[in-house]
Amino acid sequence: MVEQKKEKLFNKGFISITLINFVVYLVYYLLMVIIAVIAQDKLHATLGQAGLASGIYIIGTLFARLFMGKTLELVGRKAVLRYGALFYLITTIAYLYIPTIPILYVIRLLNGFGYGAVSTATNAIVTAYIPKSRYGEGINYYGLSTSLAAAIGPFIGMILLNYTNFYFIIMFSIIAILLTTVACFIFPVKNIHLSEAHRTMLKKWNFDSFIEKRVLFISSVAFLMGLSYSSVLSFLSSYAKVINLVSASSFFFVVYALVITATRPMSGKIFDNHGEDYVIYPSYLFLTLGLFLLSITTSSWMLLCSGALIGLGYGTFMSNGQAVCLKTVKDPHRVGIALSTYFIGLDLGLGVGPYILGELRNVLSFQGIYLVAGVLPIICTLLYKFFYHPKEAEEPAEEKIVMDSIEE
């Protein structure tokens with residue numbers, strides 16, 4: 001009976017932190033799709049200034065991921081979750097006062113830091129509620145909260161933008177984050193008990209206290225995958241206008257989300273039962289196929305099929321790459337830093353991708369950009385084949401740290 005309970009995946013803690021993560025990401029994506037429009041309409045910003053208002057958020061997120069990886073264990077996961085959520089709430093309220101573009105930049109930067117702090121905490125906290133034998137399956141179910149938010153958030157944002165005003169959208173976001181903040185203060189968090197040696201190590205300001213070397217490879221691959229996928233996030237709406245498929249493009253992310261929802265549980269079980277290669281390699285293949293199909297799209301069904309393939313590609317990699325990190329790092333006190341390192345790679349790819357690929361737009365068509373983006377997963381395949389060694393990742397940790405029960 002005890003063993004069965006231990007192996008139960010859908011426990012209260014897992015469900016609660018997954019729902020919290022969903023709302024955190026929902027508001028992030030909701031604001032991401034409307035902020036550039038608001039900057040132009042409300043503050044009369046140029047297209048470049050509006051783009052910076054969107055992109056500067058990622059800078060704040062990266063700073064949070066970099067510093068919160070170590071802070072999670074030094075200060076405690078509970079404190080980072082709760083006070084990170086409070087800071088996320090305060091900086092969301094600050095959107096009610098944006099008289100100038102520079103102030104909007106500051107608010108976006110701070111709001112990105114708040115989002116990064118909370119999401120880094122939730123990504124680490126959920127691992128305490130997933131049985132080790134079901135890491136792949138658990139992370140994939142948890143990853144649904146991010147994927148669904150990525151589809152539902154922009155959808156809600158565009159509807160609210162069309163039928164309401166900026167004040168209503170911000171109030172909607174504030175209420176959502178307020179409820180989430182309350183939930184974070186109620187939610188019982190499992191902290192890690194650190195030995196003095198580990199505490200001393202994390203307090204140092206050196207490379208190892210911020211970055212987990214064991215996951216640098218998969219994080220580098222995540223950077224390339226994020227760079228590739230950024231072509232979809234940044235240019236799909238413009239590309240759809242060029243090929244006269246604007247109506248169909250509104251359903252692109254709906255198909256993307258549906259495919260991920262249907263396949264994530266299965267990919268998680270494959271990861272646990274057969275190993276990461278059986279899901280990681282197909283993710284590279286599907287993303288390449290999806291982007292190549294997108295580059296030659298001439299009809300609605302082709303556009304939606306590419307959305308399904310890209311969902312199978314990037315959507316599958318995003319969660320299973322996280323599961324690879326958990327499989328690689330055995331020491332509980334390094335989990336936060338490892339996941340932080342992984343998401344730094346992913347976010348950095350998404351953040352710099354629009355600029356790098358946007359510069360290519362000066363010499364290439366949209367079709368050419370998607371062909372270039374489709375080559376990146378092929379490069380990832382080769383790198384993964386020759387440089388990733390799963391047996392080394394499975395070596396047991398030298399020292400075991402006892403995880404605390406619910407801390408009050």
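The numbers here are math on the coordinates, done by the rules we state, and not lab data. Remember, predicted model here, so these are calculated numbers, not experimental data. No Cβ is skipped: glycine too gets one built from the backbone with ideal geometry, and neighbour counts run over all protein chains shown.
At a glance:
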item	result
Size-normalised alpha-carbon gyration radius of the range 1-205, reference 2.2 N^0.38 Å	1.10
Label-point gap, in nm, between Ser238 and Thr261 - each point 7 angstrom along Cα→Cβ	3.1 nm
About the Cα centre, charge dipole magnitude for the chain (Lys/Arg +1, Asp/Glu -1 at Cβ), debye	300 debye
Exposed trypsin sites (Lys or Arg not before Pro) absent: longest stretch of the chain, with sites in DSSP loops and at most 15 other Cβ within 10 Å deemed exposed	9-203
Cubic angstrom per residue, convex hull over Cα atoms of the range 211-390	104 Å³
Listed residue pairs exceeding 21 Å between alpha carbons, taken from Lys70/Lys213; Lys70/Lys327; Lys8/Lys269; Lys70/Lys269	Lys70/Lys269
Inter-probe distance in nm under a simple model that places probes 7 Å from Cα toward Cβ, at Ser300 and Tyr163	2.1 nm
Longest exposed-site-free window of the chain, the sites being chymotrypsin sites (Phe, Trp or Tyr not before Pro) in a DSSP loop that have at most 15 other C-beta atoms within 10 Å	252-408
Calculated FRET efficiency for the pair Lys8/His274, C-beta based, R₀ 22 Å, to 0.05	0.45
Projected-area average for the range 85-197 over all orientations - Cα convex hull basis, square nanometres	9.7 nm²
Structure-derived Cα Rg over 2.2 N^0.38 Å - corresponding label in (1) 1.07; (2) 0.95; (3) 1.28	(2)
For the range 345-376 and the range 5-36, distance of Cα centres in Å	29 Å
